[in-house]
Amino acid sequence: MYAIDNVTESKTTKRIHLDSNAIGEEGARFIGEELGKNMTLTSLNLARNQIGTKGAQYLSYGLKNNTTIQRIYLEGNAIGDDGALHIAEWIKSNKVLTGISLGKNQIGSRGAKYLSDALQDNMAIRHILLEDNKIGDEGAQFLAEVLRNKTTLASLRLANNQIGAEGAQYLRNILQNNVVTFNHFNHIREINERILA
């Protein structure tokens, strides 16, 4: 972890890319501790690192004390619903995060609920990637409620999430049948065409 320590303590490093390194939950614990002290990083890529639920918890501890990370990539880490809860707790209080990638994380409807609740209180985030999870129709409903009032969202990816006709209808209703919010959704550039077709 010496190399990571050097990078996270740097006063000039803005981006760290550690994707596909099998750092595991212990590596996530170490990085989480360092993130709480680093105030220069703006982008962190930890995709495909087997951090799991516990690793997500460790990261969220550090990220709660970090005020500079704007983009974080956590796809392919099997964090599950409980890991989504830890990430949601951080998102809820964060004021600078603009984009988060959580694809391929085995997140179900419960995790979608946690994230949806957090997003209600976060006005900075503009890009949310949730593809290849299993949020289903119920999770789509939770996200649709966020979309009802979320005027700052620019992109939302929901491909391959076991969303059926019912879930698609929740999203369609928000985007097409509500005149007030529909005007706000001129800002939305990307909602999976397969779901809304």
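Quick note: the coordinates plus some simple rules give every number you see, no bench work behind them. None of these values were measured; they are calculated from a predicted model. Here Cβ is always computed from backbone atoms with ideal geometry, including for glycine, and neighbour counts include all displayed protein chains.
Assorted remarks:
- Contour excess over end-to-end distance, with Cα ends at Lys95 and Met39 and 0.36 nm allotted per residue: 18.8 nm
- Taking the fewest neighbouring Cβ atoms within 10 Å as the starting point, the ordered list for Ile31, Ile100, Ile125 is Ile125, Ile100, Ile31.
- Cα centroid of segment 118-148 to Cα centroid of segment 21-96, whole Å: 18
- With Cα atoms as the point set, segment 73-131 shows a radius of gyration and Dmax of 10.2, 27 Å.
- Panel order for Lys14, Lys150, by other beta carbons found within 10 Å of each beta carbon, from fewest to most: Lys14, Lys150.
- Quarter of the Cα convex hull surface for segment 32-123, i.e. its orientation-mean projected area (nm²): 4.8
- Net length available on complete extension from Arg148 to Ala165 is 4.2 nm, with 0.36 nm assigned per residue and the Cα-Cα distance removed.
- Cβ-Cβ FRET estimate between Asn173 and Thr13, R0 fixed at 35 Å, reported to 0.05: 0.20
- Per-residue Karplus couplings for segment 75-86, computed as 6.51 cos²θ - 1.76 cosθ + 1.60 with θ equal to phi - 60°, are listed in order as 5, x, 10, 6, 7, x, 5, 5, x, 4, 4, 5 Hz, Gly and Pro entered as x.
- Proxy reagent accessibility, fewest Cβ within 10 Å first, across His17, His127, His86: His17, His127, His86
- Using a Förster distance of 30 Å, the FRET efficiency for Glu131-Asn65 (Cβ separation, nearest 0.05): 0.55
- Filter on Lys37/Lys134; Lys54/Lys92; Lys54/Lys104; Lys14/Lys104; Lys37/Lys95; Lys37/Lys113 - keep pairs with C-alpha separation over 23 Å: Lys37/Lys134; Lys14/Lys104; Lys37/Lys113
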